[in-house]
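Note sheet for the following structure.
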Amino acid sequence: MATAAPERVEQKPAVSSATQFLRPHLLKLAPYTPIEPFEILSARYGRKPEDIIKLDANENPYGPPPEVREALAKMPFPHVYPDPETRGLRRALAQMNDLPVEHILVGCGADELIDLLMRCVLESGDKIVDCPPTFTMYAFDADVNDAKVVTVPRLDGFKIDVEGIRQAVAAHKPKMVFLTSPNNPDGSMMTEEEVRAILELPVLVVLDEAYIEFSTEKSKVKWVQQYNNLVVLRTFSKSAALAGLRVGWGAFPLEMVEYIWRAKQPYNVSVAAETAACAALTNMAYLDKVRNALVSERERLFAKLKEIPFLEPYPSHANFILAKVTQGRDAKALKDGLANRGIMVRHYAKKELSGYIRISVGKPEHTDALIEVLKSM
C-alpha cells in the first residue's frame, strides 16, 4: 500500500520586508536632489561634454592649479591608507589662517562635517534652526538624523532675521543654528554684528563660509578661539576647484573637537584628496588670480543680466548670481529652455524659490553665450 506524501506546509518568510530594519523616520525621508555630471548631461541632451556650459553647481571653471595634477600623478603610496589625522593639510591650513592646528578637522567635503556635527550633537527629536532660502543640506541632514527643523525665513532681500532667530531659540530651545555667509543661493553676506548677536544665544552656531573667498570679508575661523559655541566650515570645492575630490574643513572650539575626532571615520579623507588640497595651497598666486577673474566676471554677468527685461538679478558676494524671473515667465521653463541650448543653470522646486534661477559665474565666453541665448528667448 502506497504511503501518502507528506503535505507540504508553505512557510512564511522570516522577514516580510527589508524595510522593517530601517529607522522608521527614514521611510518618510525625501531624497536630496544633486546636480548631475557632464556624462549624464551629455547623454540626455545629445551634446559633447565640451559643448555644455555648466553654470548650475557653482563649480570653478578654471580648474585647480597645475601643481595639483602634477602631485596626483606622483602620489607615492596610493595603496596605503591615508593619514587619519590629515596632518600635512591641517598644518598648512593652520599656518595660512593663523590658527592653532588643534582647532582644525578635515572632512570629505564640508557636507561630511555637517552630518558629523549633527550625529555628535543631536538626539532624536532635537531641533535645529534653518533660515531658508539657504543651503538645503542642513534641513536634509536634520531629517536624516531624525531632528526637527525650526524655520526662520529670511527677510526681504534675503537678509537674515536676527530677531526671528532670537525668538525661535527662546521658544523652541534648539541645539544648533545654521548660518551661511555668503548665503547660497542669493550671495548675501551677514554683518559682523549679526553674527555676534546670534553667538550671544545659548545655541551652537554653525557658520558655513563655503564662498567666503569671493567676498571682501575676512573669514571668521579665528573666532572659534573666542566663542565656544561657534563652528566655522570651509571648502576646497569652490575657490580651489577641487569639487570632484571632496575636501572640506572646519574650525572647532577645543572643548568640542576632541569628541568630534572620536566620532569621525578614521580614513575619511583619501590620499588623493589630501595630496590635491596640499598642492593647491602651494600656489596661492594662481588661486588669487582665478578668484579675481571670477569676481570680475561676476560683476560683468550682473550688469548683463540687468539688461534682460524678464530677469531681476541680486547683488552677490559669491561665485553665482540669483535672478528673479519676471513678466509672467515660468522659471522652470526658462531653465529647461537654456538646457536644451546646452546651458545649465539651477532652478529650485521649493515654493520660495520657484520663480528664480541661479547662475554660476563662468568664464567670459560662458557669460557671452548665456546672454546671447537669453536675448533670443
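Is the range 91-161 rounded, prolate or oblate when judged by the Cα gyration tensor, a ≥ b ≥ c being the square roots of its eigenvalues, rounded requiring a/c under 1.5 and prolate requiring a/b larger than b/c?
Cα axes put the range 91-161 in the oblate bin.
Among Val101, Asn340, Met189, which residue has its Cα positioned farthest towards the positive end of the charge dipole of the chain, with +1 placed on the Cβ of Lys and Arg, -1 on the Cβ of Asp and Glu, and the dipole taken about the Cα centre?
Selected residue: Asn340.
Once you charge only the Cβ atoms, +1 for Lys and Arg and -1 for Asp and Glu, what is the size of the charge dipole of the range 207-252 about its Cα centre, to the nearest 20 debye?
That gives the range 207-252 a dipole magnitude of about 100 debye.
Sorted by packing (mean other beta-carbon atoms within 10 Å per residue), highest first, where do 173-186, 127-140, 32-45, 252-265 land?
Top to bottom by mean Cβ count within 10 Å: 173-186, 127-140, 252-265, 32-45.
Considering the chain as a Gaussian network with a 10 Å cut-off on Cα pairs, which listed residue, Gly46, Gly250, Gly187, attains the greatest mean-square fluctuation?
Of Gly46, Gly250, Gly187, the most mobile in the Gaussian network model is Gly46.
Determine the shape class of the range 91-210: with a ≥ b ≥ c the square roots of the Cα gyration tensor eigenvalues, call it rounded for a/c under 1.5, and otherwise prolate if a/b is greater than b/c, oblate otherwise.
Oblate shape, in that a/c is at least 1.5 and b/c is the bigger or equal ratio.
Once you treat every alpha carbon in the chain as an equal point and sum by Debye, what is log10 I(q)/I(0) at q = 0.13 Å⁻¹?
After summing over all Cα pairs, the log10 values are -1.15.
State the dimensionless ratio Rg/Rh of the range 1-141 (Rg: radius of gyration of Cα atoms; Rh: Kirkwood radius).
Taking Rg over the Kirkwood Rh, I get 1.17.
Please list, ordered by chain and number, the residues whose modelled amide H lies under 5 Å from the amide H of Leu230; skip anything fewer than 5 residues away on the same chain.
For Leu230, whose amide H was placed from the backbone, the distant partners under 5 Å are Val205.
Report ³J(HN,Hα) in whole Hz for each residue of the range 315-328, in order, from the Karplus equation J = 6.51 cos²θ - 1.76 cosθ + 1.60 where θ = phi - 60°; Gly and Pro get x.
Working through the residues one at a time gives x, 9, 10, 10, 9, 7, 9, 8, 10, 7, 8, 10, 6, x Hz.
Over the chain, what relative contact order in percent results from Cα pairs under 8 Å that are six or more residues apart?
21 percent
How large, in percent, is the carbon and sulfur part of the accessible surface of the range 243-358 at a probe radius of 1.4 Å?
Heavy-atom surface of the range 243-358 belonging to carbon and sulfur, 1.4 Å probe: 52 percent.
If you bin the C-alpha pair distances of the range 279-360 every 10 Å from 0, what whole percents do you get?
With a bin width of 10 Å, the distribution comes to 17, 42, 26, 13, 2.
Would you list which lysines come within 25 Å of Lys350, measuring only between C-alpha atoms, while excluding same-chain residues fewer than 8 positions from it?
Lys28, Lys54, Lys127, Lys148, Lys159, Lys238, Lys306, Lys324, Lys332, Lys335
Phe135's amide H: which non-local residues (gap 5+, or another chain) put their own amide H closer than 5 Å, with H modeled 1.01 Å from N in plane and none for Pro or chain starts?
Asn184
Determine the shape class of the range 210-263: with a ≥ b ≥ c the square roots of the Cα gyration tensor eigenvalues, call it rounded for a/c under 1.5, and otherwise prolate if a/b is greater than b/c, oblate otherwise.
It is oblate, given that a/c is not under 1.5 and a/b is not larger than b/c.
Which ³J(HN,Hα) values, rounded to whole Hz and listed in residue order, are derived for the range 13-26 from phi using the Karplus coefficients 6.51, -1.76 and 1.60 in 6.51 cos²θ - 1.76 cosθ + 1.60 with θ = phi - 60°, glycine and proline given as x?
Here the 3J(HN,Hα) series is x, 5, 10, 6, 7, 5, 5, 5, 8, 7, 5, x, 5, 5 Hz.
Provide the percentage of antiparallel DSSP beta bridges, counting only those with both residues in the chain; round to the nearest 5.
Percent antiparallel among DSSP bridges in the chain is about 50.
Enter the accessible area of Arg346 (Å², nearest 10), with the probe set to 1.4 Å and all protein chains included.
40 Å²
The values are calculated or read from the model by the stated rules, or taken from the named source; none is laboratory data. Bear in mind that the values here come from a model prediction, so they are computed numbers and not experimental data. All Cβ positions, glycine included, derive from the backbone under ideal geometry; neighbour counts span all protein chains shown. Side chains included, ligands, DNA and RNA excluded: accessible areas come from the protein's heavy atoms. Shrake-Rupley method; radii C 1.70, N 1.55, O 1.52, S 1.80 Å.
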